[in-house]
1. Report yes if R69 is basic (K, R), surrounded by fewer than 20 Cβ atoms within 10 Å (Cβ to Cβ) and either within 23 Å of the chain's Cα centre (by Cα) or over 14 Å from Y13 (Cα atoms) (or both), otherwise no.
2. Which residue pairs have Cβ atoms under 6 Å apart, sit 6 or more places apart or on different chains, and have a first residue in the range 220-247 that is charged (D, E, K, R) and a second that is open to solvent by 10 Å² or more (accessible area, probe 1.4 Å) and more than 12 Å from the ligand (Cβ to nearest atom)?
3. Regarding S354, is this residue open to solvent by 20 Å² or more (accessible area, probe 1.4 Å), in contact with a His (Cβ under 8 Å, 6 or more places away or on another chain) and not aliphatic (A, V, I, L, M)?
4. I'm trying to understand the selection: among the residues of the range 287-309, which are open to solvent by 20 Å² or more (accessible area, probe 1.4 Å) and under 22 Å from A424 (Cα atoms)?
5. Would you point out the residue of the range 444-480, among those that are of a type in the set (S, T, Y) and touching a residue at least 12 places away in the same chain (Cβ under 8 Å), that is farthest from S374 (Cα to Cα)?
6. Regarding the range 174-181, can at least one residue be identified that is surrounded by fewer than 24 Cβ atoms within 10 Å (Cβ to Cβ) and either within 30 Å of P442 (Cα to Cα) or touching a residue at least 12 places away in the same chain (Cβ under 8 Å) (or both)?
7. I'm checking my understanding of the structure. Among residues of the range 309-344 that are polar (S, T, N, Q) and either assigned to a loop (DSSP other than H, G, I, E, B) or under 14 Å from E372 (Cβ atoms) (or both), which one is farthest from the ligand (Cβ to nearest atom)?
8. From the residues in the range 182-204 that are more than 20 Å from the chain's Cα centre (by Cα) and touching a residue at least 60 places away in the same chain (Cβ under 8 Å), which one is farthest from K140 (Cα to Cα)?
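The values are calculated or read from the model by the stated rules, or taken from the named source; none is laboratory data. Everything numeric in this text was worked out from a predicted model, so none of it was measured. Don't worry about glycine lacking a Cβ; one is built from the backbone with ideal geometry, like all the others, and counts go over all protein chains shown. When the accessible area is computed, the model is the full protein with side chains, heavy atoms only, and any ligands, DNA or RNA have been set aside. Shrake-Rupley method; radii C 1.70, N 1.55, O 1.52, S 1.80 Å.
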Amino acid sequence: MRPEHFPDDIKPYVVPEAGGRLIYRCLGCGVEFGIEKLLYICPDCQSVLLLYDPEFDRLKKISGEQWRRIFDYRRMLNTPALNGIYRYHELIGPVMPLDSIVWLGEGHTPIVEASTPLQELAGARFFFKNDGQNPSASFKDRGMASALSYINYLLNHGYLDEVLAVCASTGDTSAAAALYAAYLHPRVKSAVLLPHKRVTPQQLSQPLGSGAMVFEIPGVFDDCMKVVEQLSEKYNVALLNSKNAWRILGQESYSYEVAQFFEYDMKNRVIMVPVGNAGNITALMSGFLKFHELGIIEDLPVIIGVQSVHANPVYRYYLEDTPEKRRFEAVHVSPSVAQAAMIGNPVSMPRVVSLEAQYNRAASGRKVFVVEVSEQEIMDWHLLANRHGHVSCTHGGECLAGMVTAVKQGLISDAQSVVLDATAHALKFANFQEMYFENRFPKEYEITPKPELINAPLLVHPVDLEEVPESGRPLAGKSLDRFISRVSEEIANRLDLKKV
Ligand code: F0G
């Protein structure tokens, strides 16, 4: 719909204009910095930063009801810059002119209710939000759209001439970074650092295909992260890890979309999210808090982070109930099928601690929890979800396993419904499905395939068939007829089909 056709009270707001201010604020010492330069950590105390809108209160001049109408009407716009995460422009990037926004199709991923038999098996009413349906097949595109739109803005306004963007990754950040950087080629070039053999072949193919420089490094993600941090401190590169606070802003769109999908009714809702580097759970809390503060939602949903026993530093931190007694300790990770979240020292931990306290204060009670699941549970629920018509990656399986655990622990009641973040597409992690089906998991994964979940292709090649088609040598006439009839018979036998 064209802007001029919107109702008169919506027209002035439907296409947002760049305005307002954003500043970096240090979570350690509270010092603030301007955004003209790219900054990842506080130059004074080295702590992580978040972006704040110092004039946020101006948005309160518009009522929650009016904001809901603005966002709902924006759905009807046909303006590419506002088709993705920037539907929520005032919250995600008020300073961003529309002509700097990079939109590659990210955002507004489907929320699909689980099939009734799967809900019965799992013991709760729930939905998957399929973030694997983003352009690079993971939720990382949300944050990358924000970070690269900002870089594009700096380039367009002469603050930068050219950029070498770097990131360390367990596979999905690098795929997203390389994709968005490639769109801005040649002004933006990218290099990615991956832990050798800890990224799936599909994930590895993504930055290679986008033309990034790909470095594989011995060790795990936490080691790559240290190298990339040193690179960003000593050299002139743009860091695209979630240390980059623009990434967090973009990922807040997930919360806004969930709220909008449920017509802004977040009472009795629970959001489950896998936790690795902890950027996503940070963004979820921050997003819901902003919608709550503006009166767009009345209730804050419960947020439950999920970690594997093989990479569980955030879970361990929250085992202690008394906030003052909590102490963070990094862990050494072991191999996990939720491989993209296999992180022992999450960069965003200080953000989680700060926002979790803020969230519970705003909710007047505890609404943020973290649960732990086994590798076996992750894999079994991942396969079960997909057997019931979903396209969930292992991390979506981790969320489902976490939901089952949370129901058992009484964290989720019958009155509540749950949204699970299927953070990437199932195909990115097909190798784990293959290892399960072929019973090839190395011992350290601690996974024993359940026979009823195993599936394998059956080769149909009747022994009495002398001739079968081959590439370049098709069959014809009688031999083709015989081939079709024998193969059909064989399939009908295996399927126990009755003749019509
Ligand atoms: N799920 C998937 C598919 C991921 O790729 C990641 C993180 C997570 C969950 C965990 O999210 O880090 O925000 O807590 N992947 C990062 C990467 C670390 O490099 O791709 P988080």
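1. Numbers: basic (K, R): yes; surrounded by fewer than 20 Cβ atoms within 10 Å (Cβ to Cβ): yes; either within 23 Å of the chain's Cα centre (by Cα) or over 14 Å from Y13 (Cα atoms) (or both): no.
So R69 does not fit the description; no.
2. K243/Y40
3. Numbers: open to solvent by 20 Å² or more (accessible area, probe 1.4 Å): yes; in contact with a His (Cβ under 8 Å, 6 or more places away or on another chain): no; not aliphatic (A, V, I, L, M): yes.
In short, no.
4. Within the range 287-309, just V309 meets the criteria.
5. Here is the first cut: in the range 444-480, the ones of a type in the set (S, T, Y) are 445, 448, 471, 479.
Remaining after also requiring touching a residue at least 12 places away in the same chain (Cβ under 8 Å): 445, 448, 479.
Numbers: Y445: 10, T448: 12, S479: 53 Å.
Among residues in the range 444-480 that are of a type in the set (S, T, Y) and touching a residue at least 12 places away in the same chain (Cβ under 8 Å), the one farthest from S374 (Cα to Cα) is S479.
6. First pass over the range 174-181, keeping only residues surrounded by fewer than 24 Cβ atoms within 10 Å (Cβ to Cβ): none.
Within the range 174-181, none of the residues are surrounded by fewer than 24 Cβ atoms within 10 Å (Cβ to Cβ) and either within 30 Å of P442 (Cα to Cα) or touching a residue at least 12 places away in the same chain (Cβ under 8 Å) (or both).
7. If we filter the range 309-344 for residues that are polar (S, T, N, Q), which is where we start, we get 312, 322, 334, 336, 339.
After this cut, where a residue has to be either assigned to a loop (DSSP other than H, G, I, E, B) or under 14 Å from E372 (Cβ atoms) (or both) as well, the list is 312, 322, 334, 336.
Details: N312: 12, T322: 25, S334: 17, S336: 11 Å.
Per the criteria, the residue is T322.
8. We begin by selecting, within the range 182-204, every residue more than 20 Å from the chain's Cα centre (by Cα); these are 182-191, 196-197.
Filter again for touching a residue at least 60 places away in the same chain (Cβ under 8 Å), leaving 183-184.
Details: Y183: 16, L184: 17 Å.
Taking the candidates together, the pick is L184.
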